[in-house]
Every structure is written in structure tokens, then in C-alpha cells.
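Take a look at the structure below.
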Amino acid sequence: MTRMLLALAVTLVAVVVLFDATAASSDTGAILSSSKHVFFGIGQSTVADSASNDLIWHGGNAGAGAIGVEQKPAVYLVWWGTEWAGGFQTADTDGKLYASKTLQNYLSSFFQNLGGSPWANIQTQYCNQTLVGSTSCVGGAGFVTNPKKQLKGVWTDPTPVPDDIVTLGLAENLVDDPIAAEAMRASAHFGYDPEATYIILTPPRPIATGQPVYCGYHSQTASVDGLGNPYRIQYAFIPWQNANWPGVGTSGCGMHFVNATSNAFGNGIFDGWSIVTGHEYSEAVTDPDNIATWQDGWLDAQGSENGDKCAWAANTSNITLANHQFAVQPMWSNEAFDAAGDGCVLGR
């Protein structure tokens, strides 16, 4: 019954989205894309993300419940799987073992402290009340804010992760895929927050045959409440980052991308986790409406979001949050690009 209601809600939203999108121009209306906006590993993307044009506001009106941007960003971390509940170890490139609890502490600390930081402040130049086609929010309203304590909850869900996440290509599935269903369970566990991103993290799994190296994605899913009203939530999927990916090895999703050696806190071995989850978080904040293959937030003419345009950039580096360092990629800033010709920045 739940899957039937989910499918019905998504279908209803898709109809509204398609009606709105077909009425808009191809330059400024919602952009047709995958319903799951994928972040590829190093050297794996076949799309050239432009670093020579601005993000454009696409209206924020792709169907009922669209929000355009998250004005008060919030994050919920969901460690899904029996392995997280029991604990396990993972090896660094030199063979040294790190506990899964160290990774969980590393990522929780990142999200506990990114609120109020210069890095998270980059996205505050974007809003959801400005002219469609605009590249600036000067005179606009509905701005993204940068509150402290954006991490609102952490849940270790001990239920098993289904095998079809591997056999169907790490959950690049259709309407009732297991990641979207887990995101809905998380919203029930924590409570519904329309401006939050529910981040689903799964333990080590075999790599599907022929699977391209993608490190995560963000999207939306929909269901209906007890009164029969559809509602939408933003979520991100972060598969195991330190896999030995064919052709690129363990570095494919950013392991040691910034820190060549590891320390006890997890810098080095877990660089990719803060890079990738930070990427998906910031894209969900500035382009949350990703349902039924349409995007309506801040993205450029090629469909690239603020993280895509600076993915695996040379100035990816550590930032300091609450006396710890975390590897992050630069994020795109229209403001910086218009002023100096370089939009990939680490703070505002």
C-alpha cells in the first residue's frame, strides 16, 4: 500500500511538473535531467561542467511543494545497515585499520560545525524570489541562510540494506527504490522537515559489474500524509566511498585527495566523505527540487549545479571547523565569478 501511494504521489507531482516546465522557455525554465543528480568520481564524468558561466535561477516552481532553495538548511545523517550498528574496520592505503565509529564521528563533526562557516556562507547569495533567468539576487528575497547547528539528528538504522542496491547499480532505480524508501523512514523517525536534507549512508558493498564510479547523488521523493496530501523531501545517497574502484583504485571518490597521510581523526582516509557529502549537501540547498526528472533551482545552462562546476578542482583543500580540519571542494559563486572571473571559492 505504501509503495502504491508513493507511486501515485510521484505521478501526480510529475504531471504538474511537466505542465509547468513545458510552458517555460528552454533557457530559463526547469531543466530536464536525471531525477538523481549524480556526482561522478575523479575522471569519470562524461559531461564537461562549465567554469565560465553563471548559475541561473530557474523559477523554483516545478510542481506542488517546490521550494526553490532551502532557506534554513538542516541535515539528518542516517547510517543504514547492520554493519554500522555492530561496528567494523576499514583499511587505509598503508594497511592501517580505522574503526567505522571514527568515520561516523568525523562526518558528524563536519555537519555539526559547518553552520556559520565561510564555506557554508557561499550559498547565502542565492534566493528563491527573483526574476526567472537572473544570475543575481540583488533586490531578491527568500535567501538561503547559514544558521549554526545545522545537524539536527543522527540515526543508526540497524535494518539490513537490500542486495538490489548492488545488483541494480547502487540504487539507480525507479519510483520505489530502497534509498528513497529509507529517506521516507528517516523523515518519519526524525519528523518531517521540508528544508532538510536526509543523507543516507550505506556500509561497504561489492561494486556492481560495469558500474561507473559515482560517489553520490541527491534527489527528492514524495509520499502522502495522513490526510492524503502529497509532500516532498530532499535526500542524498552516499555509498561506501573507500571502495577499490576499477580503473581508479581507492582514490576514485576522494580518499587522500587533500591529505596524503592520515591522522587519528580521519583526515586523509576520510577526505572523500566530507568532500562528497559537502557537495551533495550544498547542491540540495541551492537546487532541492529534483523530482520527476526536472530541476528548477540554481543551475547553469548545461544543467550543472554549484558543486558540479567545481568538482575535484585544484583548490580543493582543508577548512577548519571547531579546531578540526575537513577536506572540502570549492563551491560555485556567481558573485566571485562576476567580480574576478573565478567562481570556485572556499568562502564568502
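In the set (1) of a type in the set (D, E, K, R); (2) within 19 Å of GLU305 (Cβ to Cβ); (3) not in a loop (DSSP other than H, G, I, E, B), GLU83 fails one condition alone, (2). Filter the stretch 138-165 for residues that are in a loop (DSSP other than H, G, I, E, B), touching a residue at least 40 places away in the same chain (Cβ under 8 Å) and either open to solvent by 40 Å² or more (accessible area, probe 1.4 Å) or farther than 15 Å from TYR281 by Cα (or both) and give the result. Passing the criteria: THR145, PRO147, PRO158, THR159, PRO160, VAL161. With the condition kept exactly as written, say whether any residue in the stretch 228-243 is among the small types (Gly, Ala, Ser) and farther than 26 Å from GLY63 by Cβ. Yes; the residues of the stretch 228-243 include at least one that is among the small types (Gly, Ala, Ser) and farther than 26 Å from GLY63 by Cβ. Looking only at residues in the stretch 218-242 that are among the aliphatic types (A, V, I, L, M) and out of contact with any Lys or Arg (no Cβ under 8 Å at 6 or more places or on another chain), the one that is nearest to TYR281 (Cα to Cα) is ALA236. ALA314: at negative phi, out of contact with any Ser or Thr (no Cβ under 9 Å at 6 or more places or on another chain) and without any contact (Cβ under 8 Å) to a residue 24 or more places away in the chain, yes or no? Here the answer is yes, as ALA314 does meet what is asked.
The values are calculated or read from the model by the stated rules, or taken from the named source; none is laboratory data. Not measured: the values here are computed from a predicted model. Virtual Cβ from ideal backbone geometry, glycine too; neighbours counted across all protein chains shown. Each accessible area value is taken on the protein alone, full model and side chains, heavy atoms only, with ligands, DNA and RNA left out. Shrake-Rupley method; radii C 1.70, N 1.55, O 1.52, S 1.80 Å.
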